[in-house]
Amino acid sequence: MEQKEGSLKSTIAVSLTNYLDAGAIVAGASGLTLWQNYLGLTEGNLGWLNAISANCFGAAIGAIIGGFLADKYGRKTIYTYNMLVYMLGVAIIIFTVNFPMLLTGFLITGISVGAGVPASWTYISENSEVGNRGRNMGISQVAWGVGPTIILILGMLLAPGKVGASAGALFSYVQKIAEFFIGNEASLEAVNVFSSRLIFGTLFMVAFIAWNLQRKLNESEDWKEAKEKQKQSNEKQPSVFASFGTLFTNKVNIRTMVFLAGIYVTWNMVASVMGFFQQHIYETAGGLSNEDANMVSAVQWLIIIAVTYFAFSMLVDKVNQRWLYFIGTSIGIIAWGILIFIGIKNYIALWAFTVLWGIHAGLSVQAFYALWASELFPAKYRAAAQGIMFFVVRAIAAVWGFGFVYIYGENGEGFHMAANIMITLLFIALVIGTIWTPKTRGKTLQQITEERYGDDI
């Protein structure tokens, strides 16, 4: 068995990228109304913020750039500089005084997130022992749950008061900080938006910690071996366009990307809705208050964290992955079926959905996708291939977000149609992933590459 020193330590350091990705998405969504009131934004402005954020096109653009840079210059190159870009984007948001600044901050943050994800998944896989590769990837996915959970809790504690609802327990500190920076004669909207500024401030601090940890990581041995092999064969490093050509002309690559797109695009269309519109759905179609919607969402994320760590991470390297994938994805279909057949306004049904979707997301398609995508491509363009896949997924999520709003309606009148679409998408992911589950468990990355591509890749 191959042994990699410090794989758990490096996994935790790299996983902070996932925390910052999910945290940026939830922080942006939770503060939209505050920024809208402060800057007088239109619905069209909000649509643009979502479209170019870490949830959509911003991350899509970054993934293409980061994937190819990670393959050409090394995984460590991304970790040396990428968090500095993230901190720049977050800093612009923190000090925003107009819409162009806010849009720029969202875009830069999104690009940084996209650039870091392919490199992080690749590095974790390459730096893991054979028997712990799935475990380490699962730990990285835990960070996706921790980010939103912490941001949701902070959002509740720092939230300004609304008509008929009290302010968060820590909002008085928000008022004091706002008064220090902008005086006590500032408008109510200017004071309230400091709640969002502080939340992004926590992301800045985590990004600084991540930068200090990640820039000290060693370069991936797999990448160095691939570069040395390329050097010995006098093979010239291909340009970005040439790399695209290689990826899309190799039949094994094409089959792999079709398989991964089949499970991840369909699943992420459901997950992106849950990430950005979940509280809105609970409030409009479910009739919950904003406080209750946030509370239910926070509970769900706690379930996701627990299941990801205690089920996916502990089992994925030891059991049949086909069955684990089938069970996890089936639970997600059952969860949406409950909302359709019993009704989202039924309190018991809503909680059943919350628990079941939390279990499903803990055993999610994304966790399997992150593992398989990092295993199925050769080292010399492993990150680039993931960058392309991530670009496609986030770009489709951006377009789907606009379409979902029209299907769902302003007050949830199209909920049943939307829910049926969700079940259909999850069923497609279930069938494709279950039938074509790759047999990679217990094999080194080199073995997998040789089996799929031969010795001359």
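The table for this structure:
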item: Förster radius 25 Å - calculated FRET efficiency between GLN447 and THR249, Cβ distance, rounded to 0.05; result: 0.55
item: Inter-label distance for ILE177 and ASN45, nm, one decimal - labels placed 7 Å from Cα along Cα-to-Cβ; result: 2.2 nm
item: Whichever lysines have a C-alpha closer than 16 Å to that of LYS9, once near sequence neighbours (fewer than 8 apart) are set aside; result: LYS76, LYS216
item: About the Cα centre, charge dipole magnitude for the chain (Lys/Arg +1, Asp/Glu -1 at Cβ), debye; result: 900 debye
item: Helix 382-408 axis, angle to the chain major axis (alpha carbon atoms, nearest 10°); result: 30 degrees
item: Extension gain, MET274 back to ASN98 (0.36 nm per residue minus Cα-Cα distance, nm); result: 60.5 nm
item: Protein accessible area in the range 134-216, 1.4 Å probe - carbon and sulfur %; result: 67 percent
item: Angle between the chain longest axis and helix 75-94 axis [Cα atoms, degrees, rounded to 10]; result: 10 degrees
item: Using alpha-carbon coordinates, inclination of helix 365-375 to the longest axis of the chain, degrees; result: 30 degrees
item: Whole-number D in µm²/s for the range 68-183 (Stokes-Einstein; Kirkwood sum over Cα pairs; 37 °C, 0.692 mPa s); result: 191 µm²/s
item: Area of SER220 that stays accessible when all protein chains are in place (1.4 Å probe, Å², to 10); result: 10 Å²
item: Among 135-141, 389-395, 76-82, the order from most to least packed when residues are scored by Cβ within 10 Å on average; result: 135-141, 389-395, 76-82
item: Distance between modelled label sites at ILE334 and VAL299, nm, 7 Å Cα→Cβ extension; result: 1.9 nm
item: Protection proxy ranking, peptides 174-181, 274-281, 62-69, 442-449, average beta carbon neighbours within 10 Å, highest first; result: 62-69, 274-281, 442-449, 174-181
item: Probe 1.4 Å - accessible area at PHE427, Å² to nearest ten; result: 120 Å²
item: Solvent-accessible area per residue for the chain (1.4 angstrom probe, square angstrom); result: 42 Å²
item: At R0 = 51 Å, FRET efficiency that the Cβ-Cβ distance of VAL319 and LYS231 yields, to 0.05; result: 0.80
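The values are calculated or read from the model by the stated rules, or taken from the named source; none is laboratory data. This is a predicted model, so every value here is computed, not measured. Because the Cβ atoms are built from the backbone with ideal geometry, glycine has one as well, and the counts that use them run over all protein chains shown. Surface accessibility is based on the protein's heavy atoms, side chains included, excluding ligands, DNA and RNA. Shrake-Rupley method; radii C 1.70, N 1.55, O 1.52, S 1.80 Å.
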